[in-house]
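This report concerns only the one structure given below.
The values are calculated or read from the model by the stated rules, or taken from the named source; none is laboratory data. Predicted, not measured: the structure shown is a model, and the values here were computed from it. Positions of Cβ are backbone-derived with ideal geometry, glycine not excepted, and every protein chain shown enters the neighbour counts. These area figures cover heavy atoms from the full protein model, side chains too; ligands, DNA and RNA do not enter into them. Shrake-Rupley method; radii C 1.70, N 1.55, O 1.52, S 1.80 Å.
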Amino acid sequence: MYSNILPTTIAFLEQLFNRQATPEAAKWLKEKKDLVKSSETGKELYLPFSAAPRYVGKSTLSLTQKELEQANQLRKGFTPRHWTTDQLARTILLLSLPHENADNYSKTILKLFGTADMGELVALYAALPLLPHPEKFVAQATEGIRTNMGNVYEAIALNNPYPSENFTEAAWNQMVLKTIFTGKSLQKIYGLDERTNSDLARMLSDYAHERWAAGRTVTPELWRPVGPHINQTIIRDIKKLFASQNETEHEAAALACAQSGYPEAQALLNQHPLLKLKISEGQLNWSHISQKAITA
Amino acid sequence: MRFIDPHIHMTSRTTDDYAAMQKAGIVAIIEPAFWLGQPRTELGSFKDYYSSLIGWERFRASQFGIKHYCTIGLNSKEANNEALAEEVMELLPLFICKEGVVGVGEIGYDDQTAAEDKYYRLQLDLAKEANLPVQIHTPHRDKKAGTIRSMEVALEHKLNPHMVIVDHNNEETVRDVLERGFWAAFTIYPNTKMGNERMVEIVKQYGSERIIVNSAADWGISDPLAVPKTASLMLEQGISIDDIHKVCYQNALDSFGQSGQMKESDWMDNTSIDQSQKLFNNSILRGGQLPTIGEIRTNPIFDSNIIR
């Protein structure tokens with residue numbers, strides 16, 4: 001599916017890499033890339049893939065706004081904002097492996113997953129949206145969201161278009177819920193609004209009830225995927241938010257209502273003309289809620 | 001005084017051992033991949049064992065303020081199961097260059113069979129390709145000949161002796177090893193390999209150049225404090241602090257440090273621990289235990305520092 005953009009993707013990643021890496025590191029990578037390109041069994045990939053940090057270091061990239069836009073043009077949703085030099089090198093090697101035979105290709109990549117350490121897992125999961133034959137890695141990525149390693153989880157769930165394009169609804173819902181559960185911001189989940197569904201809304205509402213019963217709060221971001229699925233049950237949650245002392249909860253409730261076609265939700269929004277106005281003028285949106293949630 | 005134990009099998013040891021090692025001044029350890037007391041029958045057992053050396057065990061050590069490194073290899077005993085050995089050889093390139101892997105080891109001869117020889121040689125080539133130090137296990141039986149053979153084969157495969165640590169030496173093998181330019185490691189293991197009184201005599205005779213002390217503590221009756229106890233005995237017996245520092249710390253760092261994966265700053269820059277951390281949703285703490293968080297201190301007191 002993506003093989004037609006592979007050469008330009010590799011060129012783009014190399015351009016980022018060469019800017020940050022030493023000439024020795026660039027030379028090492030080029031040599032290994034050439035070996036991997038002509039690899040028949042995938043074996044030539046194993047050593048350099050794990051050895052990458054030894055030769056190219058682990059420094060974090062600093063991308064310009066223009067480069068981030070370029071990345072997104074190359075592959076919608078691709079956001080290498082926090083990538084490191086070893087991660088870039090590893091991704092370039094993965095993309096250089098011959099991929100004409102989907103089974104052989106995925107077998108080699110899945111073998112890397114099966115023996116990976118933490119840094120390797122981060123590189124592998126974050127590279128998923130760029131790899132050929134993405135359908136071959138759905139089970140692996142679904143398994144990946146069960147990890148207890150925070151940075152590995154983030155590599156799959158955040159700033160990565162792969163889950164929204166490939167996950168089943170059940171896996172997707174688990175991922176959204178776990179993101180909230182582990183205290184991470186929903187803002188960075190790619191495709192959050194497009195893939196929301198009534199079952200997810202029900203799960204999130206249940207989760208909020210559980211927290212409230214224990215005398216705890218929930219992040220106001222939680223109501224973002226809920227909004228389009230407000231029904232006669234969920235509307236009671238929205239009313240509760242409007243009745244709270246917390247201004248951000250009022251804003252989240254108003255935003256959720258604005259996403260809903262449920263008549264009672266529209267009526268509730270009309271009772272808060274100032275918030276409604278702010279939403280229609282673009283002054284109030286979910287990014288604003290996310291910012292507040294992060295700093296809270 | 002700080003110590004490194006460059007050969008210890010912590011997957012077989014308890015948290016009490018970690019706590020005692022830290023108190024005794026051990027700051028870093030190297031865990032060579034070895035056999036587990038009974039042979040493995042499946043490739044997956046090797047894979048999960050290697051993964052535990054770079055994963056859970058490293059984390060467990062960190063919870064006691066000890067920096068954990070490992071060497072990865074196919075041990076000589078299990079090289080004799082050729083069908084399995086063949087599969088393990090395909091697995092090794094996936095592991096030997098991972099972060100914190102400081103060498104290929106422990107490899108070498110046990111019965112000195114043809115299969116052992118084959119996989120020893122293949123792993124020497126692999127180490128050379130990856131530019132990694134090699135940790136050699138020398139045989140218990142026919143030791144002297146086996147030790148010399150290990151070195152001759154390493155030289156035949158064009159390894160630099162400075163990249164090879166020959167382990168489990170004794171009075172009979174040390175001269176050959178040092179004369180050929182290899183590192184000579186000694187395992188202080190109760191009643192079998194070396195006692196630490198004998199070790200003191202070896203340092204008196206051969207000095208501290210390229211000599212390394214370790215415990216090889218494992219699932220057998222062994223002593224994870226062998227290195228600090230030997231240091232303590234050396235001090236009593238008049239060996240200089242400088243020499244003790246070399247054989248119980250610096251030489252291990254200089255030899256395995258050639259991997260580029262082990263630096264003094266790894267344990268000097270950060271001396272605080274946090275036992276409330278978790279890995280794989282698991283913790284070393286069990287119900288109701290309080291985590292130790294903060295600066296760690298050493299307090300070297302031993303019941304006895306003689307290991308016979």
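Screening A:Ala89, A:Ala116 for residues that are among the hydrophobic types (A, V, I, L, M, F, W, C), without any contact (Cβ under 8 Å) to a residue 24 or more places away in the chain and within 13 Å of another protein chain (Cβ to nearest Cβ) leaves exactly one candidate, A:Ala116.
Checking the conditions here, which among A:Lys111, A:Lys107 is open to solvent by 40 Å² or more (accessible area, probe 1.4 Å), of a type outside the set (A, V, I, L, M, F, W, C), under 24 Å from B:Phe59 (Cα atoms) and within 14 Å of another protein chain (Cβ to nearest Cβ)?
One residue alone meets the criteria, A:Lys111.
Listed by position, the helices (runs of 4 or more DSSP H) inside the range B:217-261 whose residues that are more than 16 Å from the chain's Cα centre (by Cα) number at least 2 are B:226-236, B:241-245.
Please find, within the range B:50-67, the residue that is nearest to B:Leu84 (Cα to Cα) out of those that are touching a Ser or Thr at 6+ places or on another chain (Cβ under 8 Å) and within 13 Å of chain A (Cβ to nearest Cβ). Among those residues, the one meeting the criterion is B:Tyr50. For the range A:56-74, a residue qualifies if it is charged (D, E, K, R) and either outside any helix (DSSP H, G or I) or within 11 Å of chain B (Cβ to nearest Cβ) (or both), and exactly one does: A:Lys58.
Yes/no matrix, rows are residues, columns are (1) away from chain B (no Cβ under 13 Å); (2) in contact with a Ser or Thr (Cβ under 9 Å, 6 or more places away or on another chain); (3) open to solvent by 30 Å² or more (accessible area, probe 1.4 Å); (4) part of a loop (DSSP other than H, G, I, E, B):
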position: A:Lys76; (1), (2), (3), (4): yes, no, yes, yes
position: A:Leu95; (1), (2), (3), (4): yes, yes, no, no
position: A:Glu120; (1), (2), (3), (4): no, yes, no, no
position: A:Pro129; (1), (2), (3), (4): yes, no, no, no
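Report whether or not A:Leu192 is open to solvent by less than 50 Å² (accessible area, probe 1.4 Å), touching a residue at least 24 places away in the same chain (Cβ under 8 Å) and not in a helix (DSSP H, G or I). Spelling it out, A:Leu192 is indeed open to solvent by less than 50 Å² (accessible area, probe 1.4 Å), touching a residue at least 24 places away in the same chain (Cβ under 8 Å) and not in a helix (DSSP H, G or I). Evaluated against (1) closer than 20 Å to B:Gln250 by Cβ; (2) in contact with a helix residue (DSSP H, G or I) (Cβ under 8 Å, 6 or more places away or on another chain), B:Leu43 falls short on exactly one condition, (1).
Exactly one residue out of B:Gly55, B:Gly37 is among the small types (Gly, Ala, Ser) and surrounded by 16 or more Cβ atoms within 10 Å (Cβ to Cβ), and it is B:Gly55. The residue of the range A:260-296 that is farthest from the chain's Cα centre (by Cα), among those that are open to solvent by less than 90 Å² (accessible area, probe 1.4 Å) and in contact (Cβ under 8 Å) with a residue 40 or more places away in the chain, is A:Lys292. Note on the range B:70-101: among residues that are among the charged types (D, E, K, R) and within 16 Å of B:Ala130 (Cα to Cα), the one that is farthest from the other protein chains (Cβ to nearest Cβ) is B:Glu90. Screening A:Glu249 on (1) among the acidic types (Asp, Glu); (2) free of Cβ contacts under 8 Å to residues at least 24 places away in the same chain; (3) surrounded by 15 or more Cβ atoms within 10 Å (Cβ to Cβ) shows it passes everything except condition (2). Taking residues in the range A:134-162 that are more than 13 Å from chain B (Cβ to nearest Cβ) and touching a residue at least 40 places away in the same chain (Cβ under 8 Å), and partners anywhere that are in a loop (DSSP other than H, G, I, E, B) and among the aliphatic types (A, V, I, L, M), the pairs with Cβ atoms closer than 8 Å and at least 6 places apart or on different chains are A:Pro134/A:Met1.
Of the residues making up the range A:31-55, just one is closer than 20 Å to A:Asn101 by Cα, surrounded by 19 or more Cβ atoms within 10 Å (Cβ to Cβ) and either at the interface with chain B (Cβ under 8 Å from one of its Cβ atoms) or of a type in the set (Gly, Ala, Ser) (or both), namely A:Tyr46.
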